[in-house]
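> Here it is, the structure, as structure tokens.
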Amino acid sequence: MAAPMVQGSSGGCALLVVQGVRCGVWRGWRTASTACRHARDTGSLLWEGVVGLEVHAQINSASKLFSSSQVKFAAPPNSTVSFFDASLPGTLPTLNKRCIEAAVMTGLALNCTINKKSLFDRKHYFYADLPAGYQITQQRLPIAVNGLLTYRYPTGKKLNDMVTKCVRIKQIQLEQDSGKSLHDDSRRQTLIDLNRAGIGLMEVVMEPDMTCGEEAAAAVRELQLILQSLGTSLANMSDYEMKRQIEILNSGGVILNETRAFDYKLGATIPMRDKEGKQDYRFMPEPNLPPLILYDTKTLPNNVDANQVINIDLIKEMLPELPSVTRERLVDEYGILPEHSFVLVNEDGLKDYFETVVRMTRVDPKKIIGWVIKDLLGYLRQENLTIKQSMITPASLAELVTLLENRVISSSAAQQVFQELCKGVKRTPTQIVKEKNLGLLDRRQLEDICQKIVDEHNVEVAAIRQGNLKVLNKLIGLVQKASKGRTDPALVKTILEEKVLS
């Protein structure tokens, strides 16, 4: 998600817009005291990148932040716009309780202090998709402050080469979204769609504690997982902007500070507003909204309807299992490695797939994890598919690993069955094994094949009898080839040793 660093930049904010989440990237350089992976040698000085983020997450709510207008993706233009959203004279904002609860829950999950009193402000700027000429936000006293986000990211090619780091959360504030401008160059006109105007956003402001794009991407991914587990934002996010900026830098271009919108038809971001110059937003207190007052169990007045106020303690009790806790649980419950639990949680739908397979078979989860991460995920990435698009259902994989565990098929035969399943065949693993005659040979059949191999390879047999036991691996391979993988290598080794060494 993060923009690559630009040498000589003293810092700036480029607002990146993606599906459901926007990331403003604060970027610059600082002198590095020691060489590190992400430091860059410019000749006389060694520089280290400085990255901070402003993440705008759309709140998962049925209605907008200050009006009852419906929040509906891909609705006809200007079909979900109230009088307030269109800034008609005399209309007043009404605060959405669901949006407040979402911000509080997100703040608690990010280890923030929840302010029991917060204020709303007007942020002025003029653009066609902002009919009021200002945006309601929280500049002076936001709803949550001083949090911490812990994340992990890979530093090498191996899966276990991971680094754990933290980024400070400066604040989380509520604010309303603007509308959408549609530029028609052929007709030289701009059309305005106000469906998005007034949708509730949570702006999560991170301190510049990161040093590279990899760290920023890992931090945003962890935040995305937290938001999705909470249900406070759908956080549907794609990495189009990073690719665009890398291409610009590779061609010798310069990344501009600007606000960009995501075009769903093009599958890319498009420029909206220039942000190179200093912004004077002329902040002022929002006169139509009183201070937002929250309570906890101790401060909740006796004469107040509990359904009409926000109780921080009650929201804290409703917090679901967060991604970091899920990773620890997977390790403790199934005995898998921490790096495996990291992949399961970070890949959309992979954890649920794995646990479904585990529930459907008695095979050791540590044996299942390899099939899920190495084989299944490798196949999906190769074909550019999601877990939901997988040709291999959890039931099919559970049946396959059960056949292997019960010694009905060999490991090589299991791979053959897996490849058939990848093709989308409408047959079960058991049916594939039967049709392709992939079942393990019985001992009598195996002994016949082994005897034939021994009889045909006198030189190798002599070498083994003279103490060169490594040659035995060649005979094992020949037996495997002759049997088309329908053997247990350990049993083959035992039979060959009996025939050659006894």
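> Can you give me the solvent accessible area of ILE449 with a 1.4 Å probe, rounded to the nearest 10 Å²?
40 Å²
> Within the chain, what's the longest run with no GluC sites (Glu not before Pro) in a DSSP loop and at most 14 other beta-carbon atoms within 10 Å? Give the range, please.
Working: sites that count: GLU276, GLU321.
For GluC sites (Glu not before Pro) (loop position, at most 14 other Cβ atoms within 10 Å), the longest site-free span of the chain is 1-275.
> Which is farthest toward the positive dipole end of the chain among VAL71, ILE312, VAL145, measuring Cα position about the Cα centre, with Cβ charges +1 (Lys, Arg) and -1 (Asp, Glu)?
Farthest along the dipole direction, towards plus: VAL71.
> Over all alpha-carbon pairs of the range 386-469, lay out the pair-distance distribution in 10 Å bins, whole %, shortest bin first.
16, 34, 21, 17, 10, 1
> Okay, moving on. Whenever you get a sec, compute what percent of the accessible area on the chain sits on carbon and sulfur atoms (1.4 Å probe).
Working: 13200 of 25640 Å².
C and S atoms contribute 51 percent here.
> Please give the per residue accessible area of the chain, computed with a probe of 1.4 Å over protein heavy atoms only, in Å².
Working: 25640 Å² over 502 residues.
Accessible surface, normalised per residue, equals 51 Å².
> Computed from these coordinates, which is percent of Cα pairs over 31 Å apart: (i) 36; (ii) 58; (iii) 51?
Matching entry in (i) 36; (ii) 58; (iii) 51: (ii).
> Could you go through the range 487-501 in sequence order and give the Karplus-derived ³J(HN,Hα) for each residue, using 6.51 cos²θ - 1.76 cosθ + 1.60 with θ = phi - 60°, rounded to whole Hz, and x for Gly and Pro?
For the range 487-501, the Karplus-derived couplings read 9, 8, x, 5, 5, 4, 4, 4, 5, 5, 4, 5, 7, 9, 9 Hz, x marking Gly and Pro.
> Ordering ARG152, ARG188, ARG486, ARG168 by how much accessible area each has at a 1.4 Å probe, largest first, what is the list?
Working: ARG152 75, ARG188 220, ARG486 45, ARG168 120 Å².
Result, largest first: ARG188, ARG168, ARG152, ARG486.
> Among the trypsin sites (Lys or Arg not before Pro) in the range 44-129, which ones are in a DSSP loop with at most 16 other Cβ atoms within 10 Å of the Cβ? Mind listing them? Numbers along the way, then the final one.
Values: sites: LYS64, LYS72, LYS97, ARG98, LYS116, LYS117, ARG122, LYS123; in loops: LYS64, LYS72, LYS116.
Of the trypsin sites (Lys or Arg not before Pro), the ones in loops of the range 44-129 whose Cβ has at most 16 other Cβ atoms within 10 Å are LYS72, LYS116.
> Follow-up. Below 20 Å, Cα to Cα, which lysines can LYS298 reach? Residues fewer than 8 away in the same chain don't count.
LYS116, LYS117, LYS316
> At 0.36 nm per residue, and after removing the present C-alpha to C-alpha distance, how many nm does the segment from ALA74 to THR299 gain when stretched out fully? Can you show the working numbers first?
Working: separation 225, 0.36 × 225 = 81.00 nm, distance 4.26 nm.
In short, 76.7 nm is gained.
> Give the accessible area for ASP280 in Å² (nearest 10); use a 1.4 Å probe, count only protein heavy atoms, and leave out ligands, DNA and RNA.
Its accessible surface works out to 120 Å², give or take rounding.
> Sticking with this one: Angle check, please: helix 240-250 long axis (alpha carbons) against the longest principal axis of the chain (alpha carbons), in degrees 0 to 90, nearest 10.
Between the helix axis and the principal axis of the chain, the angle is about 90 degrees.
> If each of ASN468 and LYS452 carries a label point 7 Å out from its Cα toward its Cβ, how far apart are those two points in nm?
A separation of 2.6 nm, rounded to one decimal place.
> Additional query: Which residue, PHE354, LEU174, ALA102, has the largest displacement toward the positive end of the dipole of the chain when charges sit on each Cβ (Lys, Arg +1; Asp, Glu -1)?
PHE354
> Taking H as built 1.01 Å from N, whose amide H comes closer than 5 Å to the amide H of LEU141, not counting residues under 5 places away?
Excluding prolines and chain starts, which carry no amide H, the hits are LEU119.
> Tell me what the chain gives for mean residue ellipticity at 222 nm when only DSSP H runs of n ≥ 4 count, each as -39,500 (n - 2.57), the sum divided by the residue total, rounded to 500 deg cm²/dmol. Write out the running numbers ahead of the final one.
Numbers: 16 runs with 169 residues, N = 502.
Per the formula, -10000 deg cm²/dmol.
> Using DSSP to call loops (not H, G, I, E or B), can you name the chymotrypsin sites (Phe, Trp or Tyr not before Pro) in the range 110-169 whose Cβ has at most 10 other Cβ atoms within 10 angstrom? Each step should come with its number before you reach the end.
On the way: sites: PHE120, TYR125, PHE126, TYR127, TYR134, TYR151; in loops: PHE120, TYR125, PHE126, TYR127.
Listed in order of number, the matching sites are PHE126.
> Which ³J(HN,Hα) values, rounded to whole Hz and listed in residue order, are derived for the range 325-337 from phi using the Karplus coefficients 6.51, -1.76 and 1.60 in 6.51 cos²θ - 1.76 cosθ + 1.60 with θ = phi - 60°, glycine and proline given as x?
Karplus-based 3J(HN,Hα) across the range 325-337 equals 6, 4, 4, 5, 5, 4, 5, 5, 7, 10, x, 7, 6 Hz.
The values are calculated or read from the model by the stated rules, or taken from the named source; none is laboratory data. This is a predicted model, so every value here is computed, not measured. Every residue, glycine among them, receives a Cβ derived from its backbone with ideal geometry; neighbour counts consider all protein chains shown. All accessible areas refer to the heavy atoms of the entire protein, side chains included, with ligands and DNA or RNA removed. Shrake-Rupley method; radii C 1.70, N 1.55, O 1.52, S 1.80 Å.
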